[in-house]
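Novice: Just dropping this structure here.
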Amino acid sequence: MTLKISKQLAPVKPVVNCFGYGNKADSVTIHQTGNTNKGANAKMHAKLQSRVYGASWHWQVDDVEAIQSFEHKVSCYHASDGRGPGNLNSIAIEGCINVDGDYVKTVHNMAELAAKVLKEIGKDTNRLFQHNDFDTKYHKNCPAQIRAGKDGIGWALFVQMVKDNMKGSVVAESAKPPIAKTIDQLANEVIAGKHGSGDVRKKALGSQFVAVQARVNQLIGAKPVNKPLAPAPVKKKYSLPNGVYRVSNPMRHGNDVLQIQLALSSIYFYPNKGAKNNGCDSWYGFDTANAVKRFQLMYGLVADGVYGPATAKKLDSIVNK
Ligand SMILES: [Zn+2]
């Protein structure tokens, strides 16, 4: 685990900033702060709570750290459901969206923290909620950016990221939510006319709408107009290999594999987060295949853990831009 975690407890003042003790800690609720201001990071929000604020949440996370403000046994004010199950019995995680932070990294950190808390309270992702799930009165659009699928990370993918972080824990088959369709599958369904158009389509796809629509546009056209002169070749940061890489016996090993691992790690898809060099060891084994798979899921590719031309092309377009 590379996420820096610390505790900076705020005063517990029932009625003023919380409901006091008695939280059953049976679920985790995800929020995003709504504050894009520069410097509105985890430290700032922890400080805000330490001065006794009119709302409260257990954790705040940004692109570098997670800070805990309340013990899990405290019932905070975060879910806008009064003395409902959100406020009384759920653990709140606020993800920061400050412009000077790395948004995607922050969401990865939120997923890592959510996994850690779920494990601690002995629950699976079927007990992972959005603020919106509890707020039946105002229907608060929170976590707004994840709900909108910003940077391709919609709710289904976020849940998958949390599951990946929980890897190794025993999860009952029946407790698992259904596997989400990939962006590509959904895009092809849209093209086949399955999800209608306009608002109907928007509603059908929910948080995946933006990512799916972008993929649809890619698939159905957007032919380059007046191809510009080819730019002078620049030396690429990662020399990604051609060819197909999968887990094999014996395993493939070499600088080509290392380049794949380093490129993935540069955008936080570590083969083995927290291990030496985050698992970048030049071997194409299960950890690397898993990192490839998570990357493929995120970008709507066939998520099979096999590095081939489509994965190479997408990865190249991101890390070598
Ligand atoms: Zn919220």
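Novice: Here's a check for you: in the stretch 1-51, which residue that is closer than 23 Å to LYS116 by Cβ, open to solvent by less than 20 Å² (accessible area, probe 1.4 Å) and not aliphatic (A, V, I, L, M) is farthest from the chain's Cα centre (by Cα)?
Specialist: CYS18
Novice: Confirm whether GLY54 is open to solvent by 50 Å² or more (accessible area, probe 1.4 Å), more than 22 Å from the chain's Cα centre (by Cα) and either assigned by TED's automatic domain parsing to the domain that holds HIS131 or of a type in the set (Asp, Glu) (or both).
Specialist: yes
Novice: Quick check on the stretch 104-137: of everything there that is β-branched (Val, Ile, Thr) and modelled with pLDDT of 95 or more, which residue is most open to solvent (accessible area, probe 1.4 Å)?
Specialist: Step by step, filter the stretch 104-137, then rank; the result is ILE121.
Novice: Please indicate, with yes or no, whether at least one residue in the stretch 67-76 is within 19 Å of ASP135 (Cα to Cα), in contact with a Cys (Cβ under 8 Å, 6 or more places away or on another chain) and of a type in the set (A, V, I, L, M, F, W, C).
Specialist: Looking through the stretch 67-76, at least one residue is within 19 Å of ASP135 (Cα to Cα), in contact with a Cys (Cβ under 8 Å, 6 or more places away or on another chain) and of a type in the set (A, V, I, L, M, F, W, C).
Novice: Another question about this same structure. Sort through VAL117, VAL74 and tell me the only one that's more than 17 Å from GLY34 (Cβ to Cβ), in contact with a Phe, Trp or Tyr (Cβ under 7 Å, 6 or more places away or on another chain) and hydrophobic (A, V, I, L, M, F, W, C).
Specialist: VAL74
Novice: Tell me, please, whether a residue that is assigned to a loop (DSSP other than H, G, I, E, B) and without any contact (Cβ under 8 Å) to a residue 12 or more places away in the chain can be found in the stretch 14-32.
Specialist: yes
Novice: Going through the stretch 39-54 one residue at a time, which ones are in a loop (DSSP other than H, G, I, E, B) and farther than 21 Å from VAL99 by Cβ?
Specialist: The answer is ARG51, VAL52, TYR53, GLY54.
Novice: What are the residue pairs meeting all of these: first residue in the stretch 137-163, first residue closer than 15 Å to SER80 by Cβ, second residue among the hydrophobic types (A, V, I, L, M, F, W, C) and open to solvent by less than 30 Å² (accessible area, probe 1.4 Å), Cβ atoms under 6 Å, and 6 or more apart or on different chains?
Specialist: Pairs found: PRO143/ILE30.
Novice: With respect to the numbered conditions (1) touching a Lys or Arg at 6+ places or on another chain (Cβ under 8 Å); (2) in contact (Cβ under 8 Å) with a residue 60 or more places away in the chain, which one is the sole condition not fulfilled by THR125?
Specialist: (2) is the only condition that THR125 fails.
Novice: Does THR36 satisfy the condition of being of a type in the set (Ser, Thr, Tyr), under 26 Å from ASP81 (Cβ atoms) and not in a loop (DSSP other than H, G, I, E, B)?
Specialist: Considered against the rule, which asks whether it is of a type in the set (Ser, Thr, Tyr), under 26 Å from ASP81 (Cβ atoms) and not in a loop (DSSP other than H, G, I, E, B), THR36 comes out as no.
Novice: Continuing with this model, one more query. Looking at the stretch 18-42, which of the residues that are within 16 Å of the ligand (Cβ to nearest atom) and touching a Phe, Trp or Tyr at 6+ places or on another chain (Cβ under 9 Å) is modelled with the lowest pLDDT?
Specialist: CYS18
Novice: Here's another thing I want to ask about it. Looking at GLY82, GLY101, which one is surrounded by fewer than 24 Cβ atoms within 10 Å (Cβ to Cβ), free of Cβ contacts under 8 Å to residues at least 40 places away in the same chain and small (Gly, Ala, Ser)?
Specialist: Testing whether each residue is surrounded by fewer than 24 Cβ atoms within 10 Å (Cβ to Cβ), free of Cβ contacts under 8 Å to residues at least 40 places away in the same chain and small (Gly, Ala, Ser) leaves just GLY82.
The values are calculated or read from the model by the stated rules, or taken from the named source; none is laboratory data. This is a predicted model, so every value here is computed, not measured. Cβ: placed from backbone, ideal geometry, glycine included. Neighbour counts: every protein chain shown. Remember, those area values only see protein heavy atoms, side chains included, never the ligands or the DNA or RNA. Shrake-Rupley method; radii C 1.70, N 1.55, O 1.52, S 1.80 Å.
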